[in-house]
Amino acid sequence: QVQLQESGGGLVQAGGSLRLSCIASGRTSNRYNMGWFRQAPEKEREFVAAIILSSSNADYADSVKGRFTISRDNAKNTLYLQMNSLKPEDTAVYYCAVRYASTGSWSFRRNSDYDDWGQGTQVTVSS
């Protein structure tokens, strides 16, 4: 229903910054919950940040709190992840995701509760 395309990844030095973008197309809606996940080689995909519609709140993994900021521009159908003070352990492929259902019991931190995903953008942080 919605196609997601991430961009903005790259190679940066530790302490540097990147801003990731996720452009949504298709049947878009500002009522969809959206989030960012990441996956390092040989690791399971993990939660990074999400915008929760029901609480009008942004939430973050403990590992990125104070460093990353999630935001969305509804007019541009774009989700952002501003990443500051990057660390080598932030190296991963970053994915944006969307959950269509607005009700029901679900966890914004659980990747299996999201419905569609982008193809990912590589972020590499050197020491």
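Sort out which residues of segment 26-46 are more than 14 Å from D90 (Cα to Cα), assigned to a strand (DSSP E or B) and open to solvent by less than 50 Å² (accessible area, probe 1.4 Å), and write them in order of number.
The answer is N33, M34, G35.
Can you pull out the residues in segment 73-82 that are of a type in the set (A, V, I, L, M) and either assigned to a strand (DSSP E or B) or surrounded by 14 or more Cβ atoms within 10 Å (Cβ to Cβ) (or both)?
L79, L81
Considering segment 83-109 alone, what residues qualify as being touching a residue at least 60 places away in the same chain (Cβ under 8 Å) and either open to solvent by 60 Å² or more (accessible area, probe 1.4 Å) or in a loop (DSSP other than H, G, I, E, B) (or both)?
Scanning segment 83-109 gives N84, S85, L86, K87, Y100, S102, F108, R109.
Taking the residues in segment 112-127 that are over 14 Å from the mean Cα position of the chain (by Cα) and among the β-branched types (V, I, T) as candidates, determine which candidate is least open to solvent (accessible area, probe 1.4 Å).
Across segment 112-127, the extreme among qualifying residues is V125.
Test each condition in (1) more than 11 Å from the chain's Cα centre (by Cα); (2) in contact (Cβ under 8 Å) with a residue 40 or more places away in the chain for F37 and report the one that comes out false.
So F37 meets the others, but not (1).
V64 passes all but one of (1) part of a loop (DSSP other than H, G, I, E, B); (2) over 14 Å from the mean Cα position of the chain (by Cα); which number fails?
(2) is the only condition that V64 fails.
The values are calculated or read from the model by the stated rules, or taken from the named source; none is laboratory data. Given the structure is predicted, the values throughout are model-derived calculations rather than measurements. Positions of Cβ are backbone-derived with ideal geometry, glycine not excepted, and every protein chain shown enters the neighbour counts. Side chains are part of the model used for accessible areas, which takes the heavy atoms of the whole protein and leaves out ligands, DNA and RNA. Shrake-Rupley method; radii C 1.70, N 1.55, O 1.52, S 1.80 Å.
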